[in-house]
1. Does region 280-300 contain at least one residue that is outside any helix (DSSP H, G or I) and out of contact with any strand residue (DSSP E or B) (no Cβ under 7 Å at 6 or more places or on another chain)?
2. Filter region 370-402 down to residues that are under 10 Å from residue 300 (Cβ atoms) and surrounded by fewer than 18 Cβ atoms within 10 Å (Cβ to Cβ), then give me how many there are.
3. Would you tally the residues in region 75-90 being under 20 Å from the mean Cα position of the chain (by Cα) and within 16 Å of residue 226 (Cα to Cα)?
4. Scan 167, 193 and give me the residue that is closer than 22 Å to residue 317 by Cβ, assigned by TED's automatic domain parsing to the domain that holds residue 83 and in a loop (DSSP other than H, G, I, E, B).
5. Evaluate region 221-237: report whether one residue or more is closer than 23 Å to residue 28 by Cα, within 16 Å of the ligand (Cβ to nearest atom) and surrounded by 20 or more Cβ atoms within 10 Å (Cβ to Cβ).
6. Just give me the residues in region 191-216 being within 10 Å of the ligand (Cβ to nearest atom) and under 22 Å from residue 244 (Cβ atoms), in sequence order.
7. From the list 277, 352, 374, pick out the single residue that is in contact with a helix residue (DSSP H, G or I) (Cβ under 8 Å, 6 or more places away or on another chain) and part of a helix (DSSP H, G or I).
8. Does region 120-128 contain any residue that is within 14 Å of the ligand (Cβ to nearest atom), under 24 Å from residue 224 (Cα atoms), surrounded by 15 or more Cβ atoms within 10 Å (Cβ to Cβ) and in the same structural domain as residue 186 (by TED's automatic domain parsing)?
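The values are calculated or read from the model by the stated rules, or taken from the named source; none is laboratory data. Since the structure is predicted, the reported quantities are computational estimates derived from the model, not experimental observations. Glycine gets a Cβ as well: all are built from the backbone with ideal geometry, and neighbour counts include every protein chain shown.
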Ligand code: PLP
């Protein structure tokens, strides 16, 4: 029988899990140690302090051996009580899934939706826009009895490629003089897009390992505010595994109340060395530049970018809408078969209408050019009419300026 091993590296260009650097894979291959032993406490303290820097917070961070969905549940179950009302905002598929999770926990969800219409994507107009903070302010201002206990928004909506302005949401809550907690899903934003837990007054930030942190899936995070910790003392939703009290207490010494994901924490320690060693500002600038290069390609093809508002373009991924009648998943499948390149599928309301190009984590100009080249070939093979060459446009963009942090001669 033939060995089906494909030659060369697979191009994992979905918007997470993102490619894991060899350096991190090697770090994770070290022997697993005693998670109650003295060496472990050092590791635990190191990664917790590093994650505070990444979240830009002085306050505790909880790390869970779980995917991001677990950390979503932890945020809600630690702070709220059965029947509480939360205000969520429909940015896309992940906002919709968080809403479903909240309802399954027994919360009442008010789901704000963008009120406009969209000729290109009439089936999901709001899935091309960022959070409208004024709509949140308007709703909270009418809630004079303070029934709404939390406002939950997605920072980087991975299903669409839109990065919302979280500071504006904070200002909206303050302008309405409303005491609701602010909870933010930055699962795909953190460590790629600027995110400031303390400065933006976020009460619970939710994130995961498999995106900007360049790790495999399997750990997730809650960053907390003093107000969130205070709310957790009287919140009545049942929780045990997710409960912050024991985690925060034990994590002060670098330990967890259960068996943590030791080898992923080795990987996290390595990822933090890389990211903090480079400096977050450089990491964010690099993503912005990559994103602009990929958008230059999509514009040259003459295809609509899913995000309709340039102010909220995602530095992490770009959604590409295909002409009506073209099955975006069939195009993705063709590209995968022919070029060993994985692109993100359209999720929920936009399934089959669009695909997603990831430009996050351990990338560089040439891996992104390869992605653009694979997509361009695939679009042509699928018979999608293109206005021009995205490869040329991306090359021009990347050649025009070096990536931040590229060593000078
Ligand atoms: N929220 C966002 C914005 C995401 O991108 C994802 C996963 O892609 C999730 C939530 C769910 O996280 P997980 O799949 O790790 O449980």
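1. No, the conditions are met nowhere in region 280-300.
2. Matching residues across region 370-402 total 6.
3. Of the residues in region 75-90, 2 are under 20 Å from the mean Cα position of the chain (by Cα) and within 16 Å of residue 226 (Cα to Cα).
4. On inspection, the qualifying residue turns out to be 193.
5. The answer is yes; a qualifying residue exists.
6. Within region 191-216, 206, 207, 208, 209 qualify.
7. Answer to the selection: 374.
8. For region 120-128, residues within 14 Å of the ligand (Cβ to nearest atom), under 24 Å from residue 224 (Cα atoms), surrounded by 15 or more Cβ atoms within 10 Å (Cβ to Cβ) and in the same structural domain as residue 186 (by TED's automatic domain parsing): absent.
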